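Input: a single structure, listed below in C-alpha cells.
Each value in this text was obtained by applying a stated rule to the coordinates, not by laboratory testing. Given the structure is predicted, the values throughout are model-derived calculations rather than measurements. Positions of Cβ are backbone-derived with ideal geometry, glycine not excepted, and every protein chain shown enters the neighbour counts.
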Amino acid sequence: MGRARTGGGEPITQQVRLKHSDGNWRVMDGVGVNRLHEPSVGAIVVNARDITDRRKLEDQLWHAQKMEAVGQLAGGVAHDFNNLLTAILGYANLLLDELPPQDSLRNDLEEIRSAGERAASLTRQLLAFSRRQMLQPQVVDINTLVAGMQKLLRRLVTEHVEVVAALAPDLMSVRVDPSSIEQVLVNLAVNARDAMPKGGRLTIETANVDLDGSYAKTHVPLEPGRYVMIAVGDTGQGMDETTRARIFEPFFTTREQGKGIGLGLATVYGIVKQNGGYIWVYSEVGHGSVFKVYLPPADSPSAAHSVTREDAAGRKKFGWETVLLVEDEDAVRVLAREVLRRNGYVVLEARHGIDALRIAERHPDDIHLMITDLVMPHMGGGELAKRLSAARPGMKVLFMSGYTDHEVMHRDLTPGVAFVQKPFTPEVFARKVRHVLDMQPTSSADRRA
C-alpha cells in the first residue's frame, strides 16, 4: 500500500502471504494503483488473486526437475565408477587367489578389496536414486513381505523402540521388485530409529487407498486412482519445512559429520519411482514423521515369471567353449578376458559392436557365447546381439552393464535375458558365464539369452 501511495498512478505488483481464518497461509498476487487523485474514486485500488495452488504446482515441478537432473548426474557417475570398481575388485580377487594364506601381502589386498566393496555399495545406492539399477519385478503381497521382515526390523531399531504393524486384511497385490521394496522398508526404519534416540514407536501400516486429483494438487503429483499404501511413521523429532523440502536429495543429511552420508532416503526415493510409485512425507517438529509410499496395484494376481537361479552349490566348472567378449572399457575387457582364460575358455576380443561383427564374420568355428556391454559407441549391445543371433542362432548372449536405464531395460533386458551387473568379482562373473552356457534353450527368446 505504501508503494502504491507514492507510485504516482503506476500499477504496483507484489506477492504477499496472508493467514487465512482456517489457520493456513495463502499466497496472494496483488496489483495496486493509486487513484487518490481521482475525485470519482479517491482510493488506492487493489486487485488480488489467490495463487497458492499455482505456487505449489510450480514448486512440485521445480523439485521434480531438480531431482531428475541430480539423478542423471548420479547415474552417470555411478556408471563410470562401476567400470573402475570392476577392475579394482577383479584384480584384487585374482591376486588373492594366487597368494598363499601366509603371504604378508594378503592383508593389504584384503583392505583394497574391502574398500572396493564399500565403494560398490555406494554406487548401488546412487543407481537406486537415479533409477538405473536392474529390477526383477513380480507380483508381491506387501503384507507378506512386511510380516517376513518384522524380525529384521526389530533388530535394526533399539530396544527402546516399539515396532507396530497395522496391515490391511484385503490389501491388493502390486508388481514390484521385492528386494528393492525390502530395502525401502529397511532405510525408512533406520531413518525412524535415528529420529528417536530416546525411544518411541515405529509404525508400519498398509492400506488400499483411492487418491483423487485434489490430493495430487496438494500433496504429491500422481495419477488419480487406486493405490496400495505403505506408511512408515515414527514418534521422533520431526522435521521443519526447510528440511522436509530437501529430505530426498542425495548427500543431504541432518546427522552430525561421520554418522551418515545422506543416501538412505535418496535411495528410497529412487527405488519407489523406479517401481512406478510415489512417496510423500508429512512431518512436524516435535511430533514425528510419516513416509507414505503409493504403489499401483498389479494388473492381475497371476504369478510373475520365475527367475532362474544359479547353482546353489557354487561348484567351480571349467569351460572349453569359445566366447566373444565385447567391451569398450579397456580395464574391464582385459580383466574379463583374464578370468575367462583362467577358466579354460577360448576368448575373442572386440572393443565395440562393429569390431565384434568383423571378428565373428572372420571366425570359421562356433561361437558359443557372446558377452557384451549394453552401452557402447558405434553400436549398442542389444543391436549387436540381434544381428549376430540371426547369423549364429546357436550362440548365447550375456549382457553386462554398470547401469540399465528404462529404455534399455524395456527394449533389450526382457524376462529371461541373461545379465550381470557391474561391478562383479571374478568368481561371480565366471559362475554366471558357466550358468548361461549350461542353460537349455526352450524358445527363440531363450536362444537370444
Cβ crowding within 10 Å averaged over residues, with 150-157, 182-189 ranked highest first: 182-189, 150-157
Ordering of 266-273, 279-286, 45-52, 343-350 by packing [mean C-beta count within 10 Å, highest first]: 266-273, 343-350, 279-286, 45-52
Potential lengthening between D365 and D240 on full extension [0.36 nm per residue; Cα-Cα distance subtracted]: 38.3 nm
Principal semi-axes in Å for segment 138-295 [√(5λ), Cα gyration tensor, largest first]: 23, 19, 15
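Grab the Cα-Cα distance for A166 and E111, subtract it from 0.36 nm times how many residues apart they are, and report the gain in nm with one decimal.
Values: separation 55, 0.36 × 55 = 19.80 nm, distance 4.39 nm.
Result for the pair: 15.4 nm of gain on full extension.
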Peptides 86-92, 16-22, 376-382 ordered by average Cβ neighbours within 10 Å, highest first: 86-92, 376-382, 16-22
